[in-house]
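To start, the structure itself, in structure tokens.
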Amino acid sequence: MKKFGILFLALFLPLFIITLLGFDDKEEAINNAPTHELKLENYTMKAKRHTHEVVDHTTFDELQQDFENAHKVTEACLGCHTGRHTEIMETAHWRWERDEVIEGKGVVSLGKKNILNNFCIGINGSEATCTRCHIGYGWGDKSFDFNEPTNIDCLVCHDQTDTYEKGKGMSGYPAPSVDLNLVASNVGSPRKENCGVCHFWGGGGNNVKHGDLDEAMLDCSREVDVHMAAEGEDMSCIECHKTENHNITGKLYALSSENKNRVTCEQCHTDKPHNDKVLDDHLCRVACQTCHIPYYAKGNSTKMIWDWSTAGQLGSDGHEMHENDADGNHKYLSIKGTFIWDDHVVPEYYWFNGIAKHQLIEDKIESIPVQMNTLDGSYKDKGLCQKSIQPSKIWPVKVHRGRQIYDTVNKTLIQPKLWDKEHGQGAYWKDFDWAEASQKGMDYVGLPFSGEYDFVETEMYWPLNHQVAPKEQSLKCLDCHARENSRIASLGDFYLPGRDYNAGVEILGIFLIISSLLGVLTHAAIRMLSSRKRKMNQHLNN
Amino acid sequence: MKKVYLYKGYERFWHWSQAVLVFALILTGFEIHSSYSIFGFENAVKLHNIAAWSFLVLTVFTIFWDFTTGEWKQYLPTSKNLKAQIQFYLSGIFKNAPHPAGKSILSKLNPLQRIVYGGLKIMVFPVMFITGFLYYFFHYPSQGIELSSLESIAVIHTLGAFAVVSFTVVHLYLITTGHTVTSNLKAMVTGWEEVDETASRHIEEEIMAGSKTVLKPVEKKKAKTERKPAEVEA
């Protein structure tokens with residue numbers, strides 16, 4: 001028995017070690033998933049969170065007045081909150097532009113004020129309606145005074161009554177129905193509802209633009225968003241988008257280009273959140289969002305394609321048309337063209353180092369589809385002494401594709417005038433005349449229009465950050481590390497284990513194995529035959 | 001014929017645990033290569049890493065053992081009997097001819113085994129270790145050693161894996177080519193093998209004559225180490 005002791009030990013020991021370390025408490029970990037304690041820092045759990053006590057503003061005499069207009073409310077606010085307007089006036093929420101460096105273009109003013117997108121294109125010439133989402137009163141055209149403190153709208157962000165509403169086409173002024181006295185005396189820290197009214201509804205409808213910011217997140221399940229889920233942590237936007245002196249951290253690459261003032265998962269989840277070295281190592285080149293946002297637009301559909309070229313068709317009665325798809329989303333609007341929506345969308349994946357470029361309004365169109373913004377990055381960009389301080393990471397992105405108007409002679413995109421209160425002012429949404437709308441819009445921004453126009457395909461990139469899924473639903477290894485249907489099949493600039501292989505090596509290897517097998521089998525066969533022959537000969541000789 | 005204690009306790013322990021680890025590495029490695037699915041990708045990666053670390057520990061320890069016991073000399077290639085050994089596999093074996101190279105405690109491996117096992121030890125395994133560790137530590141080449149891509153490492157590592165599989169196929173078959181079909185297997189399990197006394201003595205005399213001063217003390221040491229595993233077992 002002793003003889004076999006070593007064999008037993010030799011076979012058993014490695015298996016024991018492997019089993020002990022390799023399968024650790026995998027099953028247990030999965031079973032305990034919801035209760036498994038998260039690594040967290042800089043965060044107070046809901047259970048321990050004490051609500052921010054806001055002074056009862058109803059007791060203030062300053063607010064107990066029938067406000068003549070909205071400016072008077074701001075005056076009252078600033079009467080106590082002295083100097084706060086200077087903070088506001090520095091923010092992009094107020095200025096709708098910021099100075100940022102774009103590679104090859106230098107310092108450029110970027111923002112909703114001047115950049116074009118492939119949704120409603122741009123605000124210029126149509127401010128009165130677009131600035132319904134501006135935190136100010138009265139931005140109806142270029143004459144708006146950005147230095148007048150009482151032009152600031154405090155209420156849209158601080159209202160706690162959910163009765164405040166800006167009027168349509170009113171340059172950011174509140175709707176006539178709003179009771180300013182009630183709202184002014186019920187103010188507090190911004191809630192999801194305050195941020196959402198613009199950030200959910202950007203682009204003229206719920207979840208149109210981002211795909212991961214949806215009014216459903218006001219009251220959603222963990223499946224839609226683990227952070228904002230009503231039955232979960234029920235986090236508000238500013239829980240992550242930390243704010244000091246009215247500078248709300250975080251920004252989106254639809255409108256910005258530099259890698260700064262960002263919100264990161266790491267600020268709470270640490271840079272080693274997994275209790276697993278191999279998974280944690282992924283963070284070096286894979287954004288958290290890539291695995292943890294497996295689908296977006298989980299609450300409601302988002303717009304995927306917007307084709308302006310079909311706009312302008314009127315019904316037989318000469319009226320504007322509204323057609324909806326089966327899910328109730330706009331399929332065709334005379335004023336805007338044709339749309340395609342989708343929900344539970346699989347993101348597209350790109351290398352991204354935190355730096356974006358933009359097609360500015362004066363830029364020539366050099367390639368089609370026109371890249372409204374491009375996310376910089378590649379596998380080779382390792383971030384050291386290179387363009388960015390961090391290596392490029394793989395990011396999930398919503399790509400919005402469109403077809404929009406451009407100047408075929410000047411080879412630039414066109415800013416058309418879309419909106420006006422009245423017919424006959426050249427606004428496309430009233431008069432349905434592209435040439436006139438383009439002339440008006442380009443005159444407004446001071447750029448040439450040749451009179452010739454057509455429609456060109458465009459692409460716009462929206463890195464995803466919200467609607468993080470419960471961890472059980474995050475991507476698994478095989479979602480990427482697979483030869484077939486790898487989510488990152490399109491990222492071909494590097495070798496990914498499990499996805500990639502060298503065809504020559506495969507052929508050589510398989511050839512090697514097959515020839516060994518054949519060799520061995522042939523040898524064995526000859527041995528058996530010759531031994532049988534030998535035995536027969538022995539028999540015969542005997 | 002005489003029964004000789006040819007493979008010492010540690011040698012057998014090393015051989016069989018290496019067998020298990022190499023099997024585990026191959027099995028999990030090709031799963032990571034997406035050749036099939038058994039454990040699941042994540043488990044395959046974990047098992048592969050643990051088996052690799054274990055294999056490294058075992059290998060380092062065995063190299064140490066090889067040098068302290070002088071067993072490393074078993075792997076020194078020799079041209080003596082090389083041709084005869086090849087001819088044996090190509091024709092002699094079919095005619096029931098005797099093995100051209102006899103076995104002895106001082107020379108357990110035939111000339112072909114010396115080359116192949118030695119090659120595994122100093123070529124294939126080290127290459128697999130080095131590429132494996134580059135794979136493990138530089139899979140996100142962002143710091144330190146600049147690797148433009150994992151591809152070159154992966155290609156070498158995969159080639160090595162295919163080579164090990166081929167080796168295993170041939171190795172498993174050659175087990176059956178001993179004195180009897182099972183005598184090699186029995187020897188590696190128990191340590192004892194029947195060897196041709198005269199051939200064995202002949203080899204020993206030859207080696208002794210070549211390097212009397214070196215080998216004598218080694219032989220003594222062997223006699224000591226030989227007992228130890230047995231004692232542990234008891």
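The values are calculated or read from the model by the stated rules, or taken from the named source; none is laboratory data. This structure is a prediction, so every number in the text was calculated from the model and none was measured. Cβ coordinates were reconstructed from backbone atoms using ideal geometry, including for glycine residues, and neighbour counts include every protein chain displayed.
Take segment A:279-294 and flag every residue that is away from chain B (no Cβ under 14 Å), assigned to a loop (DSSP other than H, G, I, E, B) and in contact with a strand residue (DSSP E or B) (Cβ under 6 Å, 6 or more places away or on another chain).
In the first step, residues of segment A:279-294 are kept if they are away from chain B (no Cβ under 14 Å); the result is A:288-289, A:292-294.
From what is left, the residues that are assigned to a loop (DSSP other than H, G, I, E, B) are A:293-294.
Passing the criteria: only A:ILE293.
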Scan segment A:503-511 and give yes if some residue there is in contact (Cβ under 8 Å) with a residue 40 or more places away in the chain, in contact with a Phe, Trp or Tyr (Cβ under 9 Å, 6 or more places away or on another chain) and in a helix (DSSP H, G or I), otherwise no. no
Given the conditions (1) in contact with a Lys or Arg (Cβ under 8 Å, 6 or more places away or on another chain); (2) within 17 Å of A:TYR253 (Cα to Cα); (3) within 14 Å of chain B (Cβ to nearest Cβ), which single one is not true for A:GLN390? (1)
Across segment A:511-522, the tally of residues that are facing chain B (nearest Cβ under 8 Å) and among the hydrophobic types (A, V, I, L, M, F, W, C) stands at 4
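Count, please, the residues in segment A:455-487 that happen to be among the polar types (S, T, N, Q) and surrounded by 18 or more Cβ atoms within 10 Å (Cβ to Cβ).
Quick first cut of segment A:455-487, residues among the polar types (S, T, N, Q) only: A:458, A:465, A:467, A:473-474, A:485-486.
Then keep just the ones that are surrounded by 18 or more Cβ atoms within 10 Å (Cβ to Cβ); that gives A:458, A:465, A:467, A:486.
Total satisfying the criteria: 4.
Test B:VAL60 against the stated conditions and say whether it is more than 9 Å from every other protein chain (Cβ to nearest Cβ), surrounded by fewer than 16 Cβ atoms within 10 Å (Cβ to Cβ) and under 16 Å from the mean Cα position of the chain (by Cα). I'd like the intermediate steps shown before the answer.
Details: more than 9 Å from every other protein chain (Cβ to nearest Cβ): yes; surrounded by fewer than 16 Cβ atoms within 10 Å (Cβ to Cβ): yes; under 16 Å from the mean Cα position of the chain (by Cα): yes.
Answer is yes for this residue.
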Quick one: in segment A:346-386, which of the residues that are of a type in the set (A, V, I, L, M) and surrounded by 15 or more Cβ atoms within 10 Å (Cβ to Cβ) is farthest from the other protein chains (Cβ to nearest Cβ)? A:ILE361
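What residue, of B:GLU42, B:GLU11, is in a helix (DSSP H, G or I) and more than 12 Å from the chain's Cα centre (by Cα)?
Values: B:GLU11 fails: more than 12 Å from the chain's Cα centre (by Cα).
Answer to the selection: B:GLU42.
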May I ask you to list pairs of residues, at least six apart or on different chains, whose Cβ atoms are under 8 Å apart, with the first in segment A:1-14 being at the interface with chain B (Cβ under 7 Å from one of its Cβ atoms) and the second being part of a helix (DSSP H, G or I) and at pLDDT below 75? A:LYS2/B:ALA230; A:LYS2/B:GLU233; A:GLY5/B:GLU233; A:ILE6/B:PRO229; A:ILE6/B:GLU233
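Can you tell me how many residues in segment A:465-495 are part of a loop (DSSP other than H, G, I, E, B) and in contact (Cβ under 8 Å) with a residue 24 or more places away in the chain?
Initial filter on segment A:465-495 (part of a loop (DSSP other than H, G, I, E, B)): A:465-470, A:474-476, A:481-495.
Filter again for in contact (Cβ under 8 Å) with a residue 24 or more places away in the chain, leaving A:465-470, A:474-475, A:487-488, A:490-491, A:493-494.
Residues flagged as part of a loop (DSSP other than H, G, I, E, B) and in contact (Cβ under 8 Å) with a residue 24 or more places away in the chain within segment A:465-495 amount to 14.
Against the condition touching a Ser or Thr at 6+ places or on another chain (Cβ under 8 Å) and modelled with pLDDT of 85 or more, how does B:HIS15 come out, does it pass? Steps first, answer last, please.
Working: touching a Ser or Thr at 6+ places or on another chain (Cβ under 8 Å): no; modelled with pLDDT of 85 or more: yes.
Spelling it out, it is not the case that B:HIS15 is touching a Ser or Thr at 6+ places or on another chain (Cβ under 8 Å) and modelled with pLDDT of 85 or more.
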Looking at A:SER531, is it surrounded by 13 or more Cβ atoms within 10 Å (Cβ to Cβ) and within 13 Å of chain B (Cβ to nearest Cβ)? yes
Kindly list the number of the only condition in (1) at pLDDT below 95; (2) touching a His at 6+ places or on another chain (Cβ under 6 Å) that fails for A:TYR295. (1)
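Quick one: would you say A:ALA525 is of a type in the set (Gly, Ala, Ser) and within 11 Å of chain B (Cβ to nearest Cβ)?
Working: of a type in the set (Gly, Ala, Ser): yes; within 11 Å of chain B (Cβ to nearest Cβ): yes.
Answer is yes for this residue.
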Could you tell me which residue of segment A:472-510 is farthest from the other protein chains (Cβ to nearest Cβ), considering only residues that are closer than 21 Å to A:TYR379 by Cβ and among the basic types (Lys, Arg)? A:ARG487
When B:LEU47 is evaluated against the numbered criteria (1) at the interface with chain A (Cβ under 7 Å from one of its Cβ atoms); (2) surrounded by fewer than 21 Cβ atoms within 10 Å (Cβ to Cβ); (3) under 24 Å from A:LEU9 (Cα atoms); (4) not small (Gly, Ala, Ser), which criterion, by number, is the only one it fails? (2)
When you check A:LEU413 against the structure, is it under 18 Å from A:HIS282 (Cβ atoms), surrounded by 22 or more Cβ atoms within 10 Å (Cβ to Cβ) and at pLDDT 95 or above, yes or no? no
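Looking at segment B:187-207, which of the residues that are surrounded by fewer than 16 Cβ atoms within 10 Å (Cβ to Cβ) and assigned to a helix (DSSP H, G or I) is nearest to the other protein chains (Cβ to nearest Cβ)?
If we filter segment B:187-207 for residues that are surrounded by fewer than 16 Cβ atoms within 10 Å (Cβ to Cβ), which is where we start, we get B:192, B:197-198, B:201-202, B:205-206.
From the residues that got through so far, the ones that are assigned to a helix (DSSP H, G or I) too are B:197-198, B:201-202, B:205-206.
Values: B:GLU197: 22, B:THR198: 24, B:ARG201: 26, B:HIS202: 27, B:GLU205: 30, B:GLU206: 30 Å.
So the residue we want is B:GLU197.
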Looking at (1) in a loop (DSSP other than H, G, I, E, B); (2) at pLDDT 95 or above; (3) out of contact with any helix residue (DSSP H, G or I) (no Cβ under 9 Å at 6 or more places or on another chain); (4) not β-branched (Val, Ile, Thr), which is the one condition that is false for A:ALA128? (1)
If A:THR163 meets every condition in (1) under 30 Å from A:LYS298 (Cα atoms); (2) crowded, with 18+ Cβ neighbours inside 10 Å; (3) hydroxyl-bearing (Ser, Thr, Tyr); (4) touching an Asp or Glu at 6+ places or on another chain (Cβ under 8 Å) apart from one, which number is that one? (2)
In segment A:244-273, residues that are surrounded by fewer than 14 Cβ atoms within 10 Å (Cβ to Cβ) and either among the small types (Gly, Ala, Ser) or over 21 Å from A:ASN353 (Cα atoms) (or both) total 2
Residues satisfying the stated conditions in segment B:64-80, i.e. assigned to a helix (DSSP H, G or I) and either among the aromatic types (Phe, Trp, Tyr) or free of Cβ contacts under 8 Å to residues at least 40 places away in the same chain (or both): B:PHE64, B:TRP65, B:ASP66, B:PHE67, B:THR68, B:TRP72, B:LYS73, B:TYR75
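Of A:GLU452, A:GLU506, which residue is surrounded by fewer than 17 Cβ atoms within 10 Å (Cβ to Cβ) and out of contact with any Ser or Thr (no Cβ under 6 Å at 6 or more places or on another chain)? Can you show your working first?
Details: A:GLU452 fails: out of contact with any Ser or Thr (no Cβ under 6 Å at 6 or more places or on another chain).
The conditions single out A:GLU506.
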Checked segment B:15-39 for anything surrounded by 21 or more Cβ atoms within 10 Å (Cβ to Cβ) and among the aromatic types (Phe, Trp, Tyr); matches are B:TRP16
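When you go through A:SER388, A:SER438, A:SER378 one by one, which is the residue that is in contact with a strand residue (DSSP E or B) (Cβ under 9 Å, 6 or more places away or on another chain) and at pLDDT below 95? Lay out the reasoning, then the answer.
Values: A:SER388 fails: in contact with a strand residue (DSSP E or B) (Cβ under 9 Å, 6 or more places away or on another chain); A:SER438 fails: at pLDDT below 95.
From the options A:SER388, A:SER438, A:SER378, the qualifying one is A:SER378.
When you look at A:GLN267, is it part of a helix (DSSP H, G or I) and either at pLDDT 95 or above or hydrophobic (A, V, I, L, M, F, W, C) (or both), yes or no? Walk me through it before giving the result.
Values: part of a helix (DSSP H, G or I): yes; either at pLDDT 95 or above or hydrophobic (A, V, I, L, M, F, W, C) (or both): no.
Taking the combined requirement at face value, the residue does not satisfy it.
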Tell me, which residue of segment A:408-464 that is of a type in the set (S, T, N, Q), free of Cβ contacts under 8 Å to residues at least 60 places away in the same chain and not in a helix (DSSP H, G or I) is nearest to A:LEU116 (Cα to Cα)? A:THR412
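For segment B:72-89, check the following and say yes or no: at least one residue is closer than 16 Å to B:GLU206 by Cβ, of a type in the set (A, V, I, L, M) and touching a helix residue (DSSP H, G or I) at 6+ places or on another chain (Cβ under 6 Å).
Filtering segment B:72-89 for residues closer than 16 Å to B:GLU206 by Cβ gives B:73-74, B:76, B:78-82, B:84.
Filter again for of a type in the set (A, V, I, L, M), leaving B:76, B:82, B:84.
Remaining after also requiring touching a helix residue (DSSP H, G or I) at 6+ places or on another chain (Cβ under 6 Å): B:82.
Yes, there is a match, as at least one residue in segment B:72-89 is closer than 16 Å to B:GLU206 by Cβ, of a type in the set (A, V, I, L, M) and touching a helix residue (DSSP H, G or I) at 6+ places or on another chain (Cβ under 6 Å).
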